[in-house]
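Data block below; observations after.
The values are calculated or read from the model by the stated rules, or taken from the named source; none is laboratory data. Predicted, not measured: the structure shown is a model, and the values here were computed from it. Note: ideal-geometry Cβ built from the backbone for every residue, glycine included; neighbour counts use all protein chains shown. Accessible surface is based on the protein model in full, side chains and every heavy atom, while ligands, DNA and RNA are left aside. Shrake-Rupley method; radii C 1.70, N 1.55, O 1.52, S 1.80 Å.
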Amino acid sequence: MESLNRSLSLLFIVVCSLSWVSASANSHDDFLECLYSYHPKESSSITQVIYTETNSSYSAVLDSSIRNHRFSMPNTPKPLVIVIPLNISHVQATIHCSKKHGLQIRTRSGGHDFEGLSYVSHVSFVVIDLVNLRSVDVDVENEEAWVQSGATVGEVFYRINERSTNLSFAAAVVRTVGIGGLISGGGDGLLFRKYGLSVDNVIDAQLVDANGRVLDRRSMGEDLFWAIRGGGGGSFGIVISWKIKLVHVPSTVTVFSVGRTLEQNATQLLHRWQYVAPNLPNDVYSLVAISTTNASENGAKTVLATFTSLFQGDANEFIPLMQERFPELGLVKEDFIEMTWIESLLLMNGVSNETSEILLDRSNRYSLLPPSFKSKSDYVREPMPEIALQGLWPQLLEVDEGGIAVQNFIAYGGIMEEISETETPFPHRKGTLYKINYNIGWLEEENNNSQRYISWMRKLYSYMGPFVSKSPREAYVNYRDLDIGSNNYYGKTSYKQASIWGRKYFKNNFDRLVYVKTKTDPKNFFKHEQSIPPRFH
């Protein structure tokens, strides 16, 4: 009987698979016909922005902005159609036709997506790629800009600096991050301790909702405007553009970056950093990158802590500040380098030998991470004891030669202490000492062994549990992590199930996000494995 049941189960799976293939083929043809007929006068226009698997450039288009190659394997589910809109009507047409023919939409803005949710789905789906909607319109006089979601952080920095060297935007550090995804999830960076997150500096937006309506802040209402500024992408609609508030940067900034190994008291220094960095002046951004190196005295592998800070001011002010607040680090005058704001961005991206035009390069060729990786995040509210740090090092040292592990400790504090955690969906504010971003990367030829590295990451994450935030154990939505929970593939997700991951990202703001979703997209058209569900879906 057990053998018969197993055979019937396998038969059911095969039948379902064949039905899915047949349905996909029909959906594909019907969807394309719908697109062509949506605006008959624009049929030639929309033909230019549609890519199917019969197009010779389909694979190149799909792979063009995949930053994590573990989601570009031969067995990774592929979209039936990729639409690269040139205007809003192309977005509206894609939404209309996807709804009509039962296809899911995934939207990507050409940046980083830690779990591939913007271009991978296990049901029939279409990708809207916003790469052609990436204009940056800077208004220096009013210190504002309209930025389309397809722009990268590098493009935004470059275009603002092109108009004024003393204005910028509170955005992420990495130049290839997509601005649409960044703002959708929060957005911390070099300026956030002084000016807040990216979402704290958004003053309007243009969104296409599930009914194809184009809404701005006034017409969408304050609830929806609140939700899209940090509630995660892919839940409420497709944001075409953001109106951002520009912030002031000085003509000179000062940077230092010094490494200390375990043999040079890295453990004690990192322990002390936890008390110092969150209380530094708002003008200081502070990061510690933890990696491994073969630079110990006997040539053996050891842990390296690289302490990096950027100060919005000159060295004459920064040197005495750091020598007073963090004398244990032993900084000397030669460690401090003065430069312009735009030069500091190049330095932080590892491209300081390039000109500023490199910020316009959307490729991943200068990435600081290997092509395939797994990431996780934590928020720390009480300093970790030295013994906890000492227990962390053996785990980092056990990573084999095929993997590269880097853990980033990013200091919070500053103005983040003063902004209410309900101001936007991003809740990790007052009382947060620092954020940890865990990364394990490997070369593409190691993808067959990816589970080994992912298991290592899960073990490390488990070890850190007692030392980080609790009830909930908080996480950053822009570092998507399906390990902490997910919706069902077909979107039939209960509020209770979604709460498991939702409260880690949004704490009590999750309930308001669900309320907004229920009001604006009750049929749950926009969905993915970690999208906000409507309350009674």
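Below is a table of values for the structure above.
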| item | result |
| --- | --- |
| Aspartates and glutamates whose Cα lies under 19 Å from that of Lys99, excluding same-chain neighbours fewer than 8 positions away | Asp29, Asp30, Glu33, Asp129, Asp209, Asp521, Glu529 |
| Rg(Cα) / (2.2 N^0.38 Å) computed for the stretch 136-248, rounded to two decimals | 0.99 |
| Cα-projected label distance for Asp137 with Ile419, points at 7 Å along beta-carbon direction, nm | 2.5 |
| Over the chain: helical MRE at 222 nm, DSSP H runs n ≥ 4 each giving -39500 (n - 2.57), nearest 500 | -10000 deg cm²/dmol |
| Relative contact order for the stretch 485-537, counting Cα pairs under 8 Å that sit 6 or more residues apart, in percent | 47 |
| Cα-Cα P(r), the stretch 354-502, percent of pairs per 5 Å interval | 2, 8, 15, 17, 17, 16, 14, 9, 3, 0, 0 |
| Gyration tensor (alpha-carbon) shape descriptor, the stretch 52-190, a/c threshold 1.5 | prolate |
| Carbon + sulfur, % of accessible area of the chain - ligands and nucleic acids excluded, 1.4 Å | 51 |
| The stretch 19-129: relative contact order as a whole-number percent, Cα under 8 Å and 6+ apart | 31 |
| Cβ-derived FRET efficiency at R0 41 Å, Asn448 paired with Tyr275, nearest 0.05 | 0.40 |
| Full-stretch length increase - Asp335, Asn364 - with 0.36 nm per residue and alpha-carbon distance subtracted | 7.5 nm |
| Whole-angstrom gap from the stretch 81-111 to the stretch 510-537, using each part's C-alpha centre | 19 |
| Lys/Arg +1, Asp/Glu -1 at C-beta; the chain dipole; positive extreme among His271, Thr493, Gly180 | Thr493 |
| Charged-residue dipole, Cβ positions (Lys, Arg, Asp, Glu), the stretch 19-129 about Cα centre, Debye nearest 20 | 200 |
| Estimated distance in nm for a label pair at Gln497 and Asn211, the labels positioned 7 Å out from Cα along Cα-to-Cβ | 2.8 |
| Distance between modelled label sites at Asn87 and Ala388, nm, 7 Å Cα→Cβ extension | 5.6 |
| Cα Rg over Rh - the stretch 78-135, Kirkwood | 0.96 |
| Kyte-Doolittle mean at least 0.0 and Cα axial length at least 20 Å: DSSP H helices in the chain | 2-38 |
| In the stretch 300-404, GluC sites (Glu not before Pro) in a DSSP loop with at most 11 other beta-carbon atoms within 10 Å | Glu401 |
| Links that overshoot a 28 Å alpha carbon limit, given the list Lys194/Lys374; Lys78/Lys519; Lys376/Lys492; Lys194/Lys507; Lys376/Lys517 | Lys194/Lys374; Lys78/Lys519 |
| Overall form of the stretch 330-376 per C-alpha gyration tensor (a/c, 1.5; a/b vs b/c) | oblate |
| Relative contact order of the chain, pairs being alpha-carbon contacts under 8 Å that are 6 or more residues apart, as % | 14 |
| Rounded FRET efficiency, nearest 0.05, which uses the C-beta distance separating Glu357 from Arg325 and R0 of 41 Å | 0.65 |
| Segment Ala60-Phe525, extension gain: residue separation times 0.36 nm, minus the distance between their alpha carbons | 164.6 nm |
| Dipole magnitude of the stretch 362-432, debye to nearest 20 (Cβ charges: Lys/Arg +1, Asp/Glu -1, about Cα centre) | 360 |
| Average accessible area per residue (Å²) across the stretch 280-432 - probe 1.4 Å, nucleic acids and ligands excluded | 42 |
